[in-house]
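Report on the following structure.
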Amino acid sequence: MNRVLQDLVNLLDLEKLEENLFRGNSRDLGGKSVFGGQVIGQALVAASRTVEHVGAHSLHAYFLRPGDMEAPIVYEVDRVRDGRSFTTRRVQAIQHGQPILTMIASFQRDEDGLSHQLAMPPLPTPDQLVNQAVLRHEWLAREVARNPDLSPRLREAFTREFAIEFAPIDPWNPFEPDVREPAQQFWFRAAGRLPDDPMLHRCVLAYASDFNLLGTALMPHGKSWFSRDMVVASIDHALWFHRDPRADDWLLYVMDSPSAQSSRGLSRGLIYDVNGRLVASAAQESLMRLNPAGRP
């Protein structure tokens, strides 16, 4: 396990303050606020710490305020229901006395039943693709040649090492966003081996599921999160676990965005493992507000 992945595992290992009360820290990934996937992953950890013998099968979260990367986050868990088959938890992520995220998570005991899934599309395998870490250095070099005054913070953020590695099927440079159909696919996995803890693998997948959904909705407009005339943010995030994932093996994320309107864009994703099993599905609505004057 590399240093950055170990740091993510440590971030997900929340401190227990009291019954149903946990605390976690944040890491700066180069954005203006706490990465939403981190808050979702930590909130799922908090909920999971209050259940036994059941696995998370879905979560629905709303981002309420930007998170402060310099302050700890307190997670308060409400034990809504403990049923024979399903268990429900509500989690509030709190900073400076105010909620920054609210989430409902549902857990289910294992049981047999009817089963089907959409087939995984035939796409290149990770060993046939260029790792996004390599692409990021190439994209940044081209941008610096065009814009020598590019901020040092942005340069560092764009090339930093991530706990998740990505291999895009058809790479899309956010510095030069061309107009495309609102769909993309990429492989991803944790950057190293993880312990054999099913809950941890679900939480790492939840963390990674927040990458690139917003960008998919921006594609048909030739915009990216770097576009100065855009204000972008995640509004909500939903995730369903269908089968046990291994977050440290390659997973294929197949995304599309069926609609954007009223300064909001909807993105969806299906996540397959290398054997073609559909392990999870995701959906997210994002703020995509035009800001022609480039005001803060």
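Any read-out appearing in this document is the output of simple, stated calculations on the displayed coordinates, not a laboratory observation. It should be emphasised that the depicted structure is a prediction, and the values quoted were computed from it without experimental measurement. Neighbour counts are summed over all protein chains in view; Cβ atoms, including those assigned to glycine, are modelled from backbone coordinates with ideal geometry.
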If you work out Cα extents along the principal axes in Å from the coordinates, which of (1) 59, 46, 41; (2) 69, 46, 39; (3) 45, 43, 43 do you get?
(1)
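Please arrange LYS223, LYS32 by how many other C-beta atoms lie within 10 Å of their C-beta, fewest to most. List each step's numbers first, then the result.
Numbers: LYS223 19, LYS32 10.
Ranking LYS223, LYS32 by Cβ neighbours within 10 Å, fewest first, gives LYS32, LYS223.
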Positive dipole terminus of the stretch 111-178, leading residue within ALA163, ASN131, PRO174 (C-beta point charges)
PRO174
Which residue, ILE100, GLY67, ALA119, has the largest displacement toward the positive end of the dipole of the stretch 65-150 when charges sit on each Cβ (Lys, Arg +1; Asp, Glu -1)?
ILE100
With the Cα gyration tensor of the stretch 132-274 giving a ≥ b ≥ c as the square roots of its eigenvalues, does the rule (a/c under 1.5 for rounded; else a/b larger than b/c for prolate; else oblate) give rounded, prolate or oblate?
oblate
Here the stretch 104-110 yields Karplus 3J(HN,Hα) values (6.51, -1.76, 1.60; θ = phi - 60°; whole Hz; Gly and Pro given as x) of 10, 10, 10, 10, 9, 5, 4
Can you tell me the 0 to 90 degree angle between the C-alpha axis of helix 3-12 and the longest principal axis of the chain, rounded to 10?
40 degrees
Fluctuation leader among LEU11, LEU118, LEU239 - the chain, Gaussian network, Cα springs under 10 angstrom:
LEU118
Whole-Å distance linking the alpha carbon centroid of the stretch 43-71 with that of the stretch 166-199 is 22 Å
Loop trypsin sites (Lys or Arg not before Pro), the stretch 102-149, which have at most 10 other Cβ atoms in a 10 Å radius of their Cβ (DSSP)
none
Taking the beta-carbon count within 10 Å as an exposure proxy, list LEU278, LEU8 from fewest neighbours to most.
LEU278, LEU8
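Out of the stretch 103-178, which GluC sites (Glu not before Pro) are coil in DSSP terms and have no more than 14 other C-beta atoms within 10 Å?
Those satisfying the criteria are GLU111, GLU161.
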Run the helix sum for the chain: -39,500 (n - 2.57) per DSSP H stretch of 4+ residues, divided by residue count, reported at 222 nm to the nearest 500 deg cm²/dmol.
-6500 deg cm²/dmol
